[in-house]
Structures are given as C-alpha cells and as structure tokens.
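Below is one structure, written out as structure tokens, with a few remarks after it.
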Amino acid sequence: MTKSLLAGAAFATAALLGTTAAQADDAGWYASLGGGVNWVDEVSGNGVSMDFEAGYTIVGAVGYAYADGEMGRFRAEGEISWTSNELDSATALGTTVSLGGELDQFGFMVQGLYDFLPDSGIRPYLGVGVGVVDGEVTATVAGVTLKSEGTNFAYRGLAGVGVALGDNATLDVGYRFTGVTSDENINNNAAVAQVRFNF
C-alpha cells in the first residue's frame, strides 16, 4: 500500500503542474534528499531466524547527469543512507519469541542510473549500485542485550520514475533492493521518494 501511495503522489504532482515541464536535458551536477519505508526479509543464521518490522530509510546523494542522447541519459552518483528496522521476533528450535532490539544500517553506495524518454516531464529510470553497509543488530533477551556488528559489501537494483517539478527540480519515486553480504545475508526492500535539485 505504501508503494502505491508513493507512486500515486508522483503522478498527482505532475497533474497539479497542469502542463508538465520537461526535465532539463543539459549535463550538470545535482543533489538529492529523501526517505521512505524499508522492509527487511527474514534473516537466518546459526539455527536462528529473525523477523523485523517495517522501518524507515533516509537517503542523500550527489551526482552528475550527462546530456540526453536519443534514448535518454546516464547519471552517476554517490549516496549515503541511514536505515533502521525494529526487531519483531526470533525463532530457534521451533520456538518463536518476541524480542526487543533493532537493525541499523549506515550505507555508502556508488550508483549508475539511466533516465529514459528524453524531453518528457515523466521519465522512468533503472539503476544499479555497489558499496558498503556498516550494520548493527541488537536483541534483548531476559534483560540482557546482545549485539552484532560489521561492515560488508552491498549491491543494489533501482527502478522508478522522475517527475519534473520545474526547470531545476525533480521528484524521484521508486523501489530499491539492497542486498548486504554478511554471514547472514540481509535483503532490504524499500519504497523511496526524494527531490533532486540541479545545480
């Protein structure tokens, strides 16, 4: 439902603009800031599986957009993010218990994206990224807090649409999958909205 609301907001914004302005096709630098909802798939390892509640993610990026070609344009960016999900429960030896705790992830990614539909006010995009995530998971059992942390390689796939808000601003709404290759692989699924400002 959250993903549908975010996507609907993007198209509603375009409608409110009346005549949709085309996104700038000149090369140049940009910065973006936004956030969204993050879901973590079940994390399993050493005979224990953990389930997490829906959480949040905050993202910021600086990048460079190349000039449009016949099919579209390429963008390259560096992004930092903070993601947090509360621990819901853990299962071991067939027994499930509710636990306190959380999974926090600080990430840095280098991403390449491609915007389709030159000279359009609504531009679909696809992207991939690689980087590192510094993660920490805590769990409280019988008043005792256990903690595990580490920095690991991460990879990402992105898809979404950019909606022009004027000559120098774009609303990006999309989905992203981020996989973290720790001993217990962590798979994140997020719906994110961010505003991109062209310099």
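Readers should treat all values here as calculations from the given coordinates under stated rules, not as data from a laboratory. Remember, predicted model here, so these are calculated numbers, not experimental data. Positions of Cβ are backbone-derived with ideal geometry, glycine not excepted, and every protein chain shown enters the neighbour counts.
Which of GLU86, GLU102, GLU184 ends up with the largest GNM mean-square fluctuation for the chain, with Cα atoms connected below 10 Å?
GLU184
Determine ³J(HN,Hα), in whole Hz, for all residues of the range 41-58 in sequence, where each value follows from phi through the Karplus function 6.51 cos²θ - 1.76 cosθ + 1.60 and θ = phi - 60°; x replaces Gly and Pro.
5, 3, 9, 10, x, 6, x, 10, 10, 10, 10, 10, 7, 4, x, 10, 9, 10
Once you keep just the Cα pairs under 8 angstrom separated by 6 or more residues, what percentage relative contact order results for the range 34-81?
31
If R0 is 45 Å, what FRET efficiency do you get for GLU102 and ALA76 from their C-beta distance, rounded to 0.05?
The calculated FRET efficiency here is 0.90.
Take LEU103, LEU93, LEU126 and order them by how many other Cβ atoms sit within 10 Å, fewest up front.
LEU93, LEU126, LEU103
Is the shape of the chain best called rounded, prolate or oblate, per the rule: a/c under 1.5 gives rounded, else a/b larger than b/c gives prolate, else oblate, with a ≥ b ≥ c the square roots of the Cα gyration tensor eigenvalues?
Prolate, because a/c is 1.5 or more and a/b exceeds b/c.
How high is the FRET efficiency from ASP88 to TYR66, r the C-beta distance, R0 41 Å, rounded to 0.05?
Efficiency, rounded to the nearest 0.05: 0.40.
Taking the Cβ of each residue in ASP115, ASP134 as the centre, tally the other Cβ atoms inside 10 Å and list the residues starting with the fewest.
ASP134, ASP115
What FRET efficiency do you get for ASN187 and ALA27 if R0 is 30 Å and r is their Cβ-Cβ distance, rounded to the nearest 0.05?
0.30
To the nearest Å, what is the center-to-center distance of the range 172-199 and the range 31-107, using C-alpha atoms only?
Answer, in whole Å: 6.
So if I take the alpha carbon set of the range 112-199, get Rg, then get Rh from the Kirkwood formula, what is the Rg over Rh ratio?
Using only Cα positions, Rg/Rh for the range 112-199 is 1.16.
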